[in-house]
Amino acid sequence: MNENADPAEIFRQESAELLEQLEQALLDLEQRPGDHDLIDTAFRALHTIKGSGAMFGFEQVAAFTHEFESAFDRVRKGEAAPDPELIAVALNAKDFIRSQIERPEETDAVIGVCILADLRKLFAEAQAGAPIEASAEAASEPAAKSTTWRLRFRFNKEVLVNGSNPLLLLDELRGLGDCRVAVHCESVPPLGEMEPDACYLEWDVVLTMAHPRSAIDDVFMFVVDDMELKVEAVEPGAAEAGAPTAEAATAVETAAPVPQATAAPTHPDHPAGAAETSAKRAGGMETSTIRVPAERLDEMMDRVGELVIAQARLTQLAAAGGGTKGVAEEIERLTSALRDAMMGIRMVPIGSLFGRFRRLVHDLSRDLGKEIDLTTAGEETELDKTMIERLADPLVHVIRNSADHALEDPATRVAAGKPAAGNINLVARHAGAEVLISVSDDGRGLDAQRIRAKAEENGLIAAGAALTDAELFQLIFQPGFSTAKQVSALSGRGVGLDVVKRTIEGMRGSIDIATQPGKGTEITLRLPLTLAIIEGLLVRVAEARYAIPLTAVEECVEISEADATRSKGRSFLNIRGELVPFLRLRELFDEPGEPDAHQKVVIVAAADTRVGLVVDQIIGSHQTVIKSLSKLHADVPSFSGATILGDGAVALILDVPHLIALGQVRETRIQAKTPEPA
Amino acid sequence: MKTILAVDDSASVRHMVKITLCAAGYQVIEAGDGRDGLTQAKANAVAMIVTDLNMPNMNGLEFIREVRKLPPYRGVPIVFLTTESDDGMKQQAKAAGATGWITKPFRQEQLLAAAKKFLG
């Protein structure tokens, strides 16, 4: 599949990575404006996108990137400082390039022109009226006495109604010589206020022509009374300084001598040079990244799954006949090695995900008017690739929530004796078979009273219900819950955190919240390492077999018939002095018939709560390849999936968090009946 | 083919407009005064109007104002014919909604240039 891959697709993949690099470099640059390596990285990324874009037929991308690159070259030459404003425009430009590549049909070229106009404006400000670049074509046209004019004009709003067509006027200008046009859309009102036949645009034009100035006046002769027009000649020398935009591959001879200061070649990295530098970069930072199409990974994962099943079958065969035991062991060893290797391929460091949030925090910080620092740790923590993708949205919600609700505005922070800039700390680490990803902030912390009040108001809990703080905090993940006094554009609509909970639980994970009033909140997402294969504990209830994720199993105990009878109706088990509620799976699954004489209890735990599951027999550990349930069964509670056993039978995988919740409910109900168990 | 409406009480001027623009590939319909012009404008889909200002029945200024009120004629270029000396008239015509003007006497090229300028 990859051999026949569409070259355009390769370009898309490559540019996605390059744009990622570009974004990182830009964001870093905001922190360290003087870092030349960063500027070079950004520049190289642009340069490569431009070159490959032209090669793979993305002319629009190449053209825009070319302009962007030319503008950015100023930064490289130290003519402009990468201040936050410039970074913001550059980030917009990066987004635009991405959308040009990924969704060209939905991408409005006008946005690009606006971005370029913004860029130029910034540079123009930086250079106190220095000219914007004239084009390569201008340079290649050795017009003896051509002059470069800079025009800025806007028409009266009724110009369109009165029969003039600005596009035709622009065409006329283009007919005069080399013409660069940028439109400004700042005055375009929101759709509701827009008059459909009014003209709200403003144009910047740089025109290099051999005609006298009067040619410009002729173009506007009929509208000159109905417009604001500014025409100024650009100094010839300055025009050259602003015209370093030779096309990538072909060197263009300029008619006029180029001033020394700008004589340095604009694009020193010819294709070979670019390859070299990118190789060096790859050697330095991303030593051994491989690009594997995700579908191929998934396919391989399926194969491994099958192999695991086959191995289970063989094991069973060996147990019956005995002769194949050695082979079975060998296959078992191989299979588990293959599984581990395969898992390894699927594992990617979470840093790639964290990288995206820097941009998010940057934008949030700007939109909310709060200074926010994002610190990260544990970027190298590896997690299954599909999980990383699924984690992106929930983490965005959590971070947004922290930025919007948890962090106070700078004045409040200072008044509370905190630094003006809020901090969001993103940490990933392994803990056993789980990965913990925590988002902590140093904001105001959760207010249990306010959450309670809100939950009561929304009918999520009964008034005065006895809930621990931990339980109260979990309510913020309920649909429709929001304590924000004002709905902001970012959060506060109660949409988001419930999605987080659903997504995380869908990945067999859970969410913990820790908070200290006035000090901050830490939201921890606990996730299994992978979604594909788990170690399971196989149990039998009546005739059916079930798998319990081994990570959730704390211990297995026997329950005597006497115990079982005595605790009937109470469903509590005394485990070393602690009362643990238990569920009889036979009852739960409506299995008829008498239970076995020696029932076993599997104690499962999640977070701090434990529940016992009463089963007929504990069969043993089992490599459980998780198969999702069909749509028909997806809503059945108590099961999170299914697996295929060695003999081909299907075993359902128990949904431990659900069962624990069920056990807790029963416990509460029973506690309500009998105030205190003896 | 784009249709241009020529409004003038002088048949010779209309004729000149007609042969010039027809030769350039436009279709030309004629009207002898503003009132006639308005009727023609309503009956045809006209891409551009060339009108005299000084006409009987309905003069050019009034004609321009009335045409502009017709929704399909918002945005249609209207060029009026005027004399060098009459700058005040120019302002009035523009205020009435005219797009541009041609100073009489005019050469064929000037008319063609105007058509090209406004119709592209």
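Laboratory data are not the source of any read-out in this text; all were calculated from the coordinates shown. None of these values were measured; they are calculated from a predicted model. Positions of Cβ are generated from backbone atoms using ideal geometry, with glycine treated the same way; all protein chains shown enter the neighbour counts.
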Quick one: of A:LYS157/B:LYS42; A:LYS50/A:LYS121; A:LYS50/A:LYS94, which pairs are farther than 18 Å apart, Cα to Cα?
A:LYS157/B:LYS42; A:LYS50/A:LYS121
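Which shape class, rounded, prolate or oblate, goes with the stretch A:312-351 when its Cα gyration tensor gives a ≥ b ≥ c as root eigenvalues, a/c under 1.5 marks rounded, and past that a/b bigger than b/c marks prolate? Working shown, then result.
Numbers: a/c = 7.11, a/b = 3.91, b/c = 1.82.
Prolate.
Rounded, prolate or oblate for the stretch A:389-474? Axes are the square roots of the Cα gyration tensor eigenvalues, ordered a ≥ b ≥ c, and the cut-off for rounded is a/c under 1.5. Each step should come with its number before you reach the end.
Numbers: a/c = 2.06, a/b = 1.12, b/c = 1.85.
Here the stretch A:389-474 falls in the oblate category.
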Please list, in order along the stretch A:630-647, the HN-Hα scalar couplings obtained from phi with the Karplus expression 6.51 cos²θ - 1.76 cosθ + 1.60 (θ = phi - 60°), rounded to whole Hz, x for Gly and Pro.
5, 4, 4, 9, 4, 8, 5, x, 6, 10, 9, x, 9, 9, 10, 8, x, 8
Explain nothing, just the number: relative contact order of the stretch B:3-119, from Cα pairs under 8 Å at least 6 residues apart, as a whole percent.
25
For the stretch B:3-119, what does the alpha-carbon gyration tensor say about shape, rounded, prolate or oblate, given a ≥ b ≥ c as the root eigenvalues, a/c under 1.5 as rounded, and a/b over b/c as prolate?
rounded
Per-residue ³J(HN,Hα) for the stretch A:354-367, Karplus 6.51 cos²θ - 1.76 cosθ + 1.60, θ = phi - 60°, Hz, x for Gly and Pro
4, x, 5, 6, 4, 5, 4, 5, 4, 5, 4, 4, 5, 5
Between the stretch A:15-61 and the stretch A:422-477, the Cα center-to-center distance that results, in Å
39
Would you grab the residues whose amide H sits under 5 Å from the one on A:ASP409? Only those 5+ places off in sequence or on another chain, please, with H modelled 1.01 Å from N.
none
Simple spin-label model, 7 Å along Cα-to-Cβ: B:ASN44 to A:PHE589 in nm?
8.7
Nonlocal amide H pairs with B:TRP101, under 5 Å, H built at 1.01 Å:
B:PHE80
In terms of modelled amide H atoms, which long-range or inter-chain residues lie less than 5 Å from the amide H of A:CYS556?
A:ILE603
³J(HN,Hα) across the stretch A:450-462 via Karplus (A = 6.51, B = -1.76, C = 1.60, θ = phi - 60°), whole Hz, x for Gly/Pro?
5, 5, 4, 4, 5, 5, 5, 4, 7, x, 6, 9, 6
In the stretch A:350-528, lysine pairs closer than 30 Å at Cα, eight or more apart or cross-chain:
15
Tally Lys and Arg at +1 and Asp and Glu at -1 over the other residues with C-beta under 15 Å from the C-beta of A:ALA318: what net charge comes out?
-1
List the GluC sites (Glu not before Pro) in the stretch A:332-398 that DSSP assigns to loop (not H, G, I, E or B) and whose Cβ has at most 10 other Cβ atoms within 10 Å. Which are they?
A:GLU380
Ranked A:HIS184, B:HIS15, criterion: other C-beta atoms within 10 Å, fewest first:
B:HIS15, A:HIS184
Less than 14 Å apart at the alpha-carbon level, and either on another chain or at least 8 residues along: which aspartates and glutamates does that give for A:LYS77?
A:ASP35, A:ASP37, A:ASP40, A:GLU69
